[in-house]
Amino acid sequence: MERNVEKMLKRVSIVFLSIGTVLMVIMILQTPKTCISPEAPSKPHTHFPRSTCDSSPRQHLPLPKKNARIWSSGAWKSRLYSFSTYFLRFRDLGFIQNHTKALCLSAGAGHALMALSQIGLSDVTAVELVDSIPLVKRADPHNLPFFDGVFDFAFTAHLAEALFPWQFVEEMERTVRRGGFCVVSVDECGGDDVRDIARLFHNSKVVDVANVTLEGSKKTSILFKVQDSPT
């Protein structure tokens, strides 16, 4: 009796093993149902690869088209307008003109550069730790690759984020000519904070302080005039 039961169990095991093997082979060989024929018309709502078997490479926009799309966006235009309005004040006060050679430090994606160009400046350079072609070049604001006194005007809105603020400011002053201007925009602050920032500028004096709105935030703008270097 026990032998008959044992034989029957072995037969059942062999049958199930065979069925399992056949099913596995079918699953491996069968085309997934998620695959869609390349000839099938695309659906309007389809934003991702149509199936796991669609291995065709995605198309990437050329850089000029990608930039054109970014620069035409509402967010970009809004920030650009804010910077343009901010810089127009310095032009109206006579601190910058169309021939002014300007430098933007920690320039991000390049809004400040584009704004200065938009109000008439023809020679503007922008640097950041990560470049943003074609507006922003890669350079360390703490160690600028420029000769002494080659710029008339330098601007940054990110002094507070500098790893070494004193070295950041030193490079600003070094690359701006005597009689030129350095401008920093910081979170809105009072007299004591302004004096602390002014102490970083060893070769410059404060000539203008104003509370402004930049990129939708309240800021304090401080303008310095570069003096003779100490002997």
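The values are calculated or read from the model by the stated rules, or taken from the named source; none is laboratory data. All of these numbers come straight from a predicted model, not from anything done at the bench. FYI the Cβ positions are ideal-geometry reconstructions off the backbone, even for glycines, and counts take in every protein chain you see. Keep in mind that these areas ignore ligands, DNA and RNA; they rest on the heavy atoms of the full protein, side chains included. Shrake-Rupley method; radii C 1.70, N 1.55, O 1.52, S 1.80 Å.
Quick notes on this structure:
- Qualifying positions in segment 178-212 - touching a residue at least 24 places away in the same chain (Cβ under 8 Å) and of a type in the set (S, T, N, Q): SER185, ASN203, SER204
- Selection status of VAL206, assigned to a strand (DSSP E or B) and either in contact with a helix residue (DSSP H, G or I) (Cβ under 6 Å, 6 or more places away or on another chain) or modelled with pLDDT under 95 (or both): yes
Conditions tested, residue by residue: (1) over 19 Å from TYR86 (Cα atoms); (2) in a helix (DSSP H, G or I); (3) small (Gly, Ala, Ser); (4) open to solvent by less than 20 Å² (accessible area, probe 1.4 Å).
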site: ALA154; (1), (2), (3), (4): no, no, yes, yes
site: GLU170; (1), (2), (3), (4): yes, yes, no, no
site: HIS202; (1), (2), (3), (4): yes, no, no, no
site: THR220; (1), (2), (3), (4): no, no, no, yes
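- In segment 151-165, the residues that are within 20 Å of PHE181 (Cβ to Cβ) reach residues that are part of a strand (DSSP E or B) and open to solvent by 50 Å² or more (accessible area, probe 1.4 Å) with C-beta atoms within less than 6 angstrom, at least six apart or across chains, in these pairs: PHE151/LYS101; ASP152/LYS101.
- Taken over segment 88-106, the criterion of being within 24 Å of the chain's Cα centre (by Cα) and more than 17 Å from SER117 (Cβ to Cβ) is satisfied by SER106 alone.
- Within segment 84-106, the residues that satisfy the criterion of being surrounded by 15 or more Cβ atoms within 10 Å (Cβ to Cβ) and in a loop (DSSP other than H, G, I, E, B) are PHE95, ILE96, THR100, SER106.
- Segment 110-136, subset among the small types (Gly, Ala, Ser) and assigned to a helix (DSSP H, G or I), residue most open to solvent (accessible area, probe 1.4 Å): SER117
- Only a single criterion out of (1) open to solvent by less than 80 Å² (accessible area, probe 1.4 Å); (2) among the aromatic types (Phe, Trp, Tyr); (3) more than 30 Å from SER78 (Cβ to Cβ) is not satisfied by PHE164, namely (1).
- Among the residues of segment 160-180, those identified as within 26 Å of the chain's Cα centre (by Cα) and closer than 19 Å to PHE90 by Cα are MET172, GLU173, VAL176.
- Unique match (being under 16 Å from LEU103 (Cβ atoms) and in contact (Cβ under 8 Å) with a residue 12 or more places away in the chain) among GLU215, GLU170: GLU170
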